[in-house]
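Each remark here refers to the structure printed beneath this line.
The values are calculated or read from the model by the stated rules, or taken from the named source; none is laboratory data. Here the structure is a predicted model, which means the values were calculated and not measured. Counting neighbours? That spans all protein chains shown, and the Cβs are built from the backbone with ideal geometry, glycine included. Side chains included, ligands, DNA and RNA excluded: accessible areas come from the protein's heavy atoms. Shrake-Rupley method; radii C 1.70, N 1.55, O 1.52, S 1.80 Å.
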Amino acid sequence: MKVSKGTIFKKKNSPYLYINISINKKRYLINTKYPYSKEQYVKDIELPLFRAKILSKEIVLEKEETQVKNFEYYSKSFLNTKKYLKESTFKVYSISISFINSQFGSLDISEIKTSDIKSFLYSLDISALTFRNYLVLFKNIFDEALQDGLISVNPCDNIKRPKGKTKDIEPFSVDEVDLILNSCSGWFRNFLALSFYTGVRTGEAIALKWQNVDLKKKRIYINATKADYTKESTPKTSNRYVPIFDSLIPYLEEQKRTTGLKTYVFYSDRGKVLRSNNLKRYYWFPLLRRLNIAYRVIYNTRHTFATNMIISNQFNLNQIAYWLGHANIRMLIHHYNKYISSDLDNIDKSFDVFCVKKCNTNFVSA
């Protein structure tokens with residue numbers, strides 16, 4: 001039996017000293033019931049005596065009760081707090097945490113240093129955004145151990161988040177939209193038309209049912225989304241209505257003649273519910289290559305709708321934000337600010353912002 005020399009450990013939120021000792025490479029924390037003022041006594045007397053009793057098997061530690069919990073234990077504890085999220089979101093957390101556990105899972109969480117985390121993150125070929133997402137996961141996992149009093153400081157607190165360049169959105173031009181819609185056919189063309197003319201997310205278009213399409217009132221009710229290999233769930237923000245503009249009606253009418261008696265609006269060539277990965281891999285990317293259009297994710301159909309709605313000056317920002325499914329106009333401004341015209345040349349420069357009513361030469365401003 002291999003027993004380490006042991007050290008004295010001060011646990012956060014506890015007035016007592018602990019003995020930190022390793023037995024056959026498994027670590028244990030033992031409460032001595034002595035206060036901090038007895039540290040020297042515990043180090044010189046209690047620790048050697050305790051070690052001797054372990055070696056003589058006078059003391060046998062119960063693994064289940066006293067073993068130090070490792071990184072994987074706290075990562076699962078954190079993941080458990082996310083189990084009420086949407087299935088697709090929970091799956092993203094699970095995959096990321098599984099990857100982190102492959103490197104840190106078996107380690108004693110109290111022995112992981114800031115430098116260990118930094119070395120790991122900077123060794124990955126990832127974007128600044130992904131770096132920040134991983135760092136947030138690390139921080140939350142260590143917070144679980146911090147709340148348990150197993151560590152006194154979160155090693156992620158002093159790691160700076162890299163500032164990556166914000167990637168500009170790349171909407172399609174009007175000519176590109178025409179070329180794309182005129183170069184494909186059937187359900188795929190109708191699917192893209194819906195995406196371009198409503199700005200719905202890909203998962204929302206896949207989950208769209210005919211019962212939510214009202215061609216008479218010219219509106220679509222968005223109340224579901226679907227990711228690959230997950231159950232249908234609610235949209236990212238909230239349910240909403242989006243308008244059906246006249247340009248979209250022929251595409252929907254054509255699609256209704258094909259799938260109008262079925263549940264979903266769109267099905268694959270084999271009559272199955274669409275999957276976004278297959279949609280991109282077998283239809284979207286080959287179409288862009290064939291048309292020699294620069295590679296862009298299918299999500300840019302949404303950006304194309306948003307930018308053209310803004311540029312048209314026919315609708316206010318709150319309307320557009322609602323149709324896109326944003327909680328407010330903040331996200332709209334964040335993503336599309338350069339498309340929002342200040343229109344400084346066409347304003348009444350005689351306007352006095354401090355006038356109670358319309359200003360004139362005889363009116364005294366407030």
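Within the range 8-48, which trypsin sites (Lys or Arg not before Pro) sit in a loop by DSSP and count at most 10 neighbouring Cβ atoms inside 10 Å?
K25
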Which of L55, L324, L252 ends up with the largest GNM mean-square fluctuation for the chain, with Cα atoms connected below 10 Å? L55
Strictly over 32 Å apart at the Cα level, which of K236/K262; K5/K91; K86/K218; K76/K226; K10/K139 would you flag in this model? K5/K91
For the chain, the longest site-free run once GluC sites (Glu not before Pro) in DSSP loop states with at most 12 other Cβ atoms within 10 Å are removed: 63-366
Between G6 and residues 5 or more places away or on another chain, the pairs with built amide H atoms under 5 Å apart involve S22
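Please give the peptides 333-340, 304-311, 274-281 ranked by average Cβ packing (other Cβ atoms within 10 Å per residue), highest first, as a rough proxy for protection.
304-311, 274-281, 333-340
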Computed Rg/Rh of the chain, alpha carbon atoms with Kirkwood Rh: 1.16
Using the heavy atoms of the protein chains alone and a 1.4 angstrom probe, what is the accessible area of the chain per residue in square angstrom? 62 Å²
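May I ask you to give the percent of accessible area on the chain that is carbon plus sulfur, with a probe radius of 1.4 Å?
C and S fraction of accessible area: 50 percent.
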Principal axis dimensions, largest first and in whole angstrom, of the range 97-219 by Cα: 63, 33, 23
Here, D44 and K86, labelled 7 Å along Cα→Cβ, have an inter-label distance in nm of 6.4 nm
Taking the chain and counting helices only, DSSP H stretches of n ≥ 4 at -39,500 (n - 2.57) each over all residues, the nearest-500 ellipticity at 222 nm comes to -12000 deg cm²/dmol
